[in-house]
Ligand SMILES: *Cc1c(COP(=O)(O)O)cnc(C)c1O
């Protein structure tokens with residue numbers, strides 16, 4: 001039986017995270033508000049520990065383990081923010097962590113994960129199956145797998161960001177949330193449904209990987225096997241049954257944005273708001289800036305999900 005997360009789980013996660021996670025700032029831009037004729041509130045998870053909201057879910061998942069599970073350690077597969085989230089959470093709980101990363105992952109990401117004390121196992125994207133590798137650690141060494149999005153405690157942890165946002169800024173008309181595998185959106189939906197049921201919540205995914213949009217349209221999970229976008233944190237080929245059912249039940253819809261719009265949004269954040277946001281972190285904001293839906297006269301919440309971007313790539317994107 002899969003445990004379906006509820007708002008109760010988000011409250012528990014918030015209690016776990018209270019002294020450990022940052023309550024990230026909510027920023028706004030007068031210029032943008034004037035331009036759009038709307039009030040936009042950015043929940044800035046690029047200022048979260050490890051530079052992305054994923055710390056919330058990773059920490060909450062580790063917090064629920066019993067002492068035997070903690071002794072045996074955890075395993076995760078990720079080349080991105082989930083790797084660092086699990087590595088830091090494991091360090092805080094003094095739990096051994098094994099992170100399975102592609103051999104081609106950026107050196108900076110591997111170094112950051114190692115610096116949190118995790119063991120990094122590299123795999124070849126083309127010849128090895130990372131899920132199977134992780135499964136072997138689970139079966140042979142008794143480790144607990146911490147999945148990146150399809151897990152009730154991960155979803156509950158991610159939901160604490162929107163809980164904070166809606167406590168800070170109530171009466172939001174619209175909420176725009178970056179969407180990959182749907183852990184962040186699922187948690188956001190549960191938080192919004194409990195705290196502000198009238199808020200219309202949308203997931204925003206890259207046009208070159210619009211599997212969730214297609215899934216909602218067809219009423220079943222659709223895979224996009226080779227998603228193509230600079231939003232590297234949202235290239236998951238498909239939602240899971242758990243995230244799909246929550247999204248189907250509570251989301252108003254799924255919007256898409258192009259890579260060009262993501263780049264312009266990244267530049268807007270740097271130039272106007274003086275903040276570093278990674279391409280995936282720009283998804284929700286790009287939908288607002290480029291009119292993916294009418295916002296005039298509305299109060300709009302936007303989750304800015306992360307700020308981890310390789311400096312060389314960032315410099316290129318700023319001057320594109
Ligand atoms: C993982 C990630 C996402 C997507 O989150 P899901 O829970 O997979 O939908 C969005 N933005 C950033 C910065 C991420 O790291």
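Values in this text are rule-based calculations from the coordinates and carry no lab data. Keep in mind the model is a prediction, meaning the values are calculated, not measured. Cβ placement follows ideal geometry from the backbone for every residue including glycine, while neighbour counts extend to all protein chains displayed.
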Handout entry: Distance between the range 1-60 and the range 86-156 - C-alpha centres, whole angstrom
Key = 23
Practice task
Calculate how steeply helix 54-63 sits against the longest principal axis of the alpha-carbon atoms of the chain, using the helix alpha-carbon long axis, and give the answer as 0 to 90 degrees to the nearest 10.
Solution key: 40
Handout entry: Rg followed by Dmax, in Å, when the range 25-101 is reduced to its Cα trace
Key = 17.2, 55
Problem - DSSP bridge orientation in the range 2-142 - percent antiparallel, rounded to nearest 5 - result: 20
Exercise for the section: Report the convex hull volume per residue for the chain, counting only C-alpha atoms, in Å³. Expected result: 124
Problem - Crossing angle, helix 7-17 versus the chain [Cα axis fit, 0-90 degrees, rounded to tens] - result: 70
Fill in the blank from the handout: Percent antiparallel among DSSP beta bridges confined to the chain, nearest 5, equals 10
Completion exercise
Taking Cα pairs closer than 8 Å and at least 6 residues apart, the relative contact order of the chain in percent is 21
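With all pairs of different alpha carbon atoms counted, what Kirkwood hydrodynamic radius in Å does the range 46-177 show?
On the way: mean 1/r = 0.0653 Å⁻¹.
After inverting the pairwise mean of 1/r, the radius is 15.3 Å.
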Handout entry: Folded to 0 to 90 degrees: helix 241-250 orientation relative to the chain principal axis, Cα
Key = 20
Exercise for the section: With all distinct Cα pairs included, what does the Kirkwood hydrodynamic radius of the range 187-320 come out to in Å, to one decimal, could you say? Expected result: 15.5
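Using the count of nearby Cβ atoms within 10 Å as a rough guide to exposure, how do 165, 239 rank from fewest to most?
Arranged by neighbour count, lowest to highest, 165, 239 become 165, 239.
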